[in-house]
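Worksheet: one structure, shown below.
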Amino acid sequence: MALLWTAMATESAETKLTDGHWAYQKPVRPALPRTDSDWPRNAIDFFVLHRLETNNLRPSPAASPEQLLRRVHLDLIGLPPSPAVVDAFLANPTDAAYETIVDDLLKSKRYGERWARPWLDLARYADSNGFQADQLRDSWAYRDWVINAFNSGMPFNQFVTEQIAGDMLPSATSAQRVATGFHRTPTCNVEAGVHPEENRVNQVIDRVNTTGTVFLGTTLECAQCHNHKYDPFSIEDYYSIFAFFNNTPLEVKQQGNGVTWNFYGPTMNLPISTEQQTKLKDLNTRKEAAVKRVSELKKAAKTEQLAWEKQTLRALKESPQWTVLAIEKFDATGNPEHELQKDGSILVTGKNPDKSTYTFHAKADLKRITAIRLEALTHPSMNKGGPGRNKAPVENPNFIVNEFQVETGSKMVKFASVKASFSQNHWAVAGSIDNDLKTGWAITPAFGKPAWAIYRLAEPLELKSEAKLKFTIIQNYGGGRTIGRPRLSAIDGNPNALDLPTDIAVILKKTKRTKKDDDTLAKHFLKESPKLKAEEQTITAIDKQIGAIKPASTLVMVEQDRARETHVMLRGQYLSPGDKINPGTPSILHPMKKTLPRNRLGFSKWLTDPTNPLIGRVTVNRWWAEFMGHGIVTTEEDFGTQAEPPTHPQLLDWLAVEFVERGWSMKHIHKLIVMSATYRQSSRVSTELLAKDATNKFYARAPRLRMSAEMVRDNALAISGLLSTKMHGPPIYPPQPSGIWRHVGRNAPKYIAATNEDRFRRGVYVVWRRGAPYVSFMNFDAPDRGACVVRRPRTNTPLQALTLLNDEAYIEMAIAFAGRILNEAKGTPEAKINYAYKTALGRAPRAAEAIYLKKLLLKRRTHFEKNPKEAALLISGAKGWKPPEGMDKGDLAAWFFIANILLNLDETITKS
Amino acid sequence: MPHSQHLHTNYANDSRREFLKTSGLGIGALGLGSVLNPNLFATNPAASKQPHFQPRAKHIIYLHMVGAPSQLDLFSHKPELVKRNGQKCPDHMFKGKQLAFIREHPLLLGTRFKFPQHGQGGLHLCEHLPKLGTVADELCLVQSIRTEHFNHAPAQLFQHTGFGRFGRPGIGSWVSYGLGTENKDLPSYVVMITGSVAGAGNSLWGSGFLPTMHQGVEFRSSGDPVLFLSNPKGIGRGDRRELVDGINFLNKQSLADVGDPEIATRIEQYELAFRMQASVPELMDTSRESKDTHAMYGTAAWQGEFCQ
């Protein structure tokens, strides 16, 4: 009995607690605490100072202008100030100058890139499916949308609506549809035997959980299998939110009837890129020109056709006859037997040499030769009748004529063209007169019938009587692919009509032609025109290139026409449906307006309802944490009853109300934070502060925070001068060790490091493969993006040291940085060290630092003067950067030591 | 400067075997650094922690054998299945379910091996494991773990993280998080891979929502055993010492000025990195082990790649 009573009491106490939990009450703008101090610069400082005073702490002095300038650059754009910016600000470190810099940074395109990174962690954005095969997929347009949204200052409520339900907005723009990529990021299993429905349910679960975390700071996932153990969310609440997301199609598709499944789901074509547009424009211009030339050629063809008709008709009338040449002597290398046949052909028999060159000596009975015909005749003695000889194990009687040559009086006869009865693919007859022994004429599969080639001479060959002709047929391919029964003939007349199709010959001879005859004739002439043929080939090639320019695509949300029924899933199992449930929102939170549709769009409007007690607090808290190192609620992902209570509840509420009332402006809140005196304090950690407030929860100093993985790299790229600011587009592949992408599965993509400017673009564009993300990022605490991540940890490990010391990418940056120092700084080593410090750290070196580095530099310079090969080897480590002409390699290698040290400093990878 | 003694320990003289002993390194597809002596400095969050009970286990060796024979042929005695060998699969296991690769009514397949009993406990083991049988009473077989996942990746994720989806810490990360490590010279959780990689890949030793310091660090069998371990071209051990000296000299200037303990930690991590550059290759070098040791582990080429 006593036990029961205790249990009941506990329950009612808990109910009371959750009902009144601060995070579920709509925030009200609190009044600013009073103070006599002139320290506060804006509202933030009143709240911070109040907490400091009640804890017997005082704010730190203001940060030095150098420190503040670097801090605000890293916070707002994720890149350090340039030496020129440092000089300008140090010359005039006023409040007004600072505010101008802040405004400029908020307008910078780099701002969106810097702030997209934490959002993409929340959105679990990646470029691959995850799971076993982990193939790549395209949804980078969503990443670009986030960058653009931050840069354009899109109000946060709109930012939320478009990501949750952009596709359902009235007359949704393509950008609004791209935005829905936010919830098309969940992992997707396409392993054989996957169950599509289970996969879909898992994805919806991911969407619900992520939505709860990102917009409500609520651990909704705890209510997936049973009522939430701590917070007032029931399993019914969970599945009523689930119902909003339960209306999208399946995302894996079976390939045919087999066991292969493909990543699927709705995609959307993007407008083609500027580069593609330029290329397309160029191709279209070229095509237009070619089309124009074709029509001109066709016009001109009318007159040309008349001339051709006359010429051909004359040739037809002359109707020259082939004269078989009388062979006086025949030789074949490899010495097969041979016998002259009655029809003037030579039958080659007996052993078949692997390769054989035939030589014919013939008497010309003609005074004039305009064309020569080589025939390969059939004979029953050959396999399948020939016309080629064959040698086991080659069964097919093919032959290959590598070269066909004619000589008279030791002068080579030149050919104008050649035609054949048939040519094998890739073995066109033209190959027999191109002076290239690798090419030649062959005839597979035209076996069992005679083949011929007609060689037209470039000029008619005038012959004296008794003139001799020598013919050579080189057959070098091997395998006994030689002609079994060659015959040579010649004509002396007009060769133009030799290969004229019979129907054309008939038309030409007619005295009266029909309209159809005219068309046939014109068509034949155009078809045979070499110029037209060339132009038409050009057009075909251009069309192929145009066809290859496809728009990129991206993953989007699409609503099915008919809504699915949603049931509670007992114990979270999709195979155990419980009661039917309608879309709805948790009763503990603000009500969903009656006017809102009960679908994703209505749900997104509910999320951004100004009476939502959570979304404003959760959002400003995350931003605060990015600037200050931890949230006002340190459990940024959980505002429930198990959350850490806010350190500054009034400040949190003030910021949340300010955010919503000032048009949901992210940039407004960011500016407020960086303009505050709290933000502008020194980050020095005194022994007293360490003792009184080690975690800096009261903000008696500015935080010192190791940069995020991407920022570590971006910062080093900027310092080295290598950084490319090219924005947007498909993911990039900076260098990483080989063998990282070794995972299993079909269509396994390959990692090929970029050799162009993509090598040096910002981290937000680096390809994110879930099974093997960019390794140096992993060493600096990047998640695998398999699921929503609110807080990245900040570890301090030996692997980070090894990365910065040895990663090819960082070696390259250090060499380039050394080059930059030599290139941009003039004068003494001291002046150069000064410049290096300004570039890397935005400050001048301390005296001890300058002395130390100069000593090291001189020692190294002497060393490399004596060991130039060592210097060259070291410099060769930069594969994507070359020293400018005339730069001394020894000097560069010595400065590499300074550059490498500076890029490895704790201060360099820390926002302080 | 705290922990200066630690900085100057000379690890170059440590033998490989000594190293293995102090690091408690498991061998196999997954090895978990072991535990259990809270003698490290308090500022290191990876330092070993005193658990709430007196532990008896000294090491955890976790082998994940991709492509190994089925448990039904090795450890899991199923007499009823053997009895029904060749019969049609009962409807309740088959009807209305979508099963990979199976189209027609499937048949049941029991093991072809005998399962003699061993030891006082009468443990059933496959007839081809007679030597294991001699220590049957020292074994504990857990046969109660089951899953509905039949695809490789989700099932492996389930086995290692308790969930068939991404985003959860693997068991090694939990051990690292909960118990820490005694080892000062290696990451707290080390993963060794031979042969094929499990389908779920790196996610099996990912730290999920735990800090990434608890993520398994992969010792690779080709290239650098630990990523970025070797110096770049043109940088020798002496050059590296000079660079680390330079970095830490300047870091100490900052530490004196700014006072942030993180800087002290970073100074230590650079020293540890420098030591790892010498110790890890030595640790991974099995060429100086005796013939007997090699024979015991079965590292000859014909014995497969598991212990290579």
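Heavy-atom accessible surface of A:LEU280, to the nearest 10 Å², is about 40 Å², with a 1.4 Å probe and all protein chains retained.
Placing unit charges on each Cβ (+1 for Lys and Arg, -1 for Asp and Glu) gives the protein assembly as shown a dipole about its Cα centre, and among A:PRO118, A:THR511, A:VAL657 the Cα reaching farthest toward its positive end belongs to A:THR511. Placing +1 on the Cβ of each Lys and Arg and -1 on the Cβ of each Asp and Glu in the protein assembly as shown, which of A:ALA809, A:LEU32, B:THR147 has its Cα farthest towards the positive end of the resulting dipole? Looking along the dipole axis, the top candidate is A:ALA809.
Over the range A:808-911, the pair-distance histogram of Cα-Cα distances with 10 Å bins from zero comes to 16, 51, 30, 3 percent, rounded to whole numbers.
Give, as a single signed number, the net charge of other residues whose beta carbon lies under 14 Å from the beta carbon of A:ARG762, with Lys and Arg counted +1 and Asp and Glu -1. With Lys, Arg at +1 and Asp, Glu at -1, the neighbours total +3. Ligands, DNA and RNA left out, the 1.4 Å accessible surface of chain A is 53% carbon and sulfur atoms.
How many angstrom lie between the Cα centre of the range A:108-160 and the Cα centre of the range B:237-289? Taking the Cα centre of the range B:237-289 as reference, the centre of the range A:108-160 is 36 Å away.
Taking the longest Cα principal axis of chain A as reference, the axis of helix A:235-245 is set at about 40 degrees.
Entry comment: accessible area of the protein assembly as shown is 46 Å² per residue, from protein heavy atoms only and a probe of 1.4 Å.
The calculated FRET efficiency for A:SER64 paired with A:THR755, based on their beta-carbon distance and R0 = 45 Å, is about 0.65.
With everything on Cα atoms, drop me the angle between helix A:615-628 and the longest principal axis of chain A, reported from 0 to 90° to the nearest 10. The helix A:615-628 is inclined about 80 degrees to chain A. Using 1/(1 + (r/R0)^6) with R0 = 56 angstrom and r between the beta carbons of A:ALA446 and A:LEU250, what's the FRET efficiency to the nearest 0.05? Plugging the Cβ-Cβ distance into 1/(1 + (r/R0)^6) gives 0.60.
How much space per residue, in cubic angstrom, does the convex hull of the C-alpha atoms of the range A:675-784 take up? Spread over its residues, the Cα hull of the range A:675-784 gives 164 Å³ apiece. A Cβ-based charge dipole, computed about the Cα centre of the protein assembly as shown with Lys and Arg at +1 and Asp and Glu at -1, lands at about 3420 debye. For the range A:641-676 versus the range A:399-469, the inter-centroid distance based on Cα atoms is 87 Å. Computed over the range A:321-493, the percent of Cα pairs more than 30 Å apart is 11.
With all pairs of different C-alpha atoms in the average, the Kirkwood value for the hydrodynamic radius of the range A:611-680 is 12.1 Å. In whole Hz, with x marking every Gly and Pro, tabulate ³J(HN,Hα) for the range A:94-103 from phi via Karplus 6.51 cos²θ - 1.76 cosθ + 1.60, θ = phi - 60°. Couplings: 8, 4, 5, 4, 4, 5, 4, 4, 4, 4 Hz. Counted residue by residue at 0.36 nm each, then reduced by the alpha carbon distance between them, the extension gain from B:HIS294 to B:ARG237 reaches 17.4 nm. Solvent-free Debye calculation, one equal scatterer per alpha-carbon of the range B:108-166: log10 I(q)/I(0) at 0.22 Å⁻¹ equals -0.85.
With N counted as the residues of the protein assembly as shown, its alpha-carbon radius of gyration over 2.2 N^0.38 Å works out to 1.22.
Helix A:889-904 and the longest principal axis of the Cα set of chain A meet at an angle near 40°. The residue among A:THR187, A:ILE898, A:THR910 whose Cα reaches farthest toward the positive pole of the charge dipole of chain A, with charges on the beta-carbon of Lys, Arg, Asp and Glu, is A:ILE898. Here A:ASP104 and A:ALA844 are evaluated by their C-beta separation; at R0 = 30 Å the FRET efficiency comes out at 0.80. With 40 Å² as the minimum drop in accessible area between chain alone and full protein complex (1.4 Å probe), the qualifying residues in the range B:132-154 are B:ASN151.
Leaving ligands and nucleic acids aside, the A/B contact buries around 6100 square angstrom of accessible area in total at a 1.4 Å probe radius.
Neighbours of A:ARG513, meaning other residues whose beta-carbon lies under 11 angstrom from its beta-carbon, give a summed charge of +1 when Lys and Arg score +1 and Asp and Glu score -1.
The values are calculated or read from the model by the stated rules, or taken from the named source; none is laboratory data. Remember, it's a predicted structure, so these values are computed and weren't measured experimentally. Note that each Cβ is placed from the backbone with ideal geometry, even for glycine, and that neighbours are counted across all protein chains shown. Just the protein is used for accessible areas: all its heavy atoms, side chains included, with ligands, DNA and RNA removed. Shrake-Rupley method; radii C 1.70, N 1.55, O 1.52, S 1.80 Å.
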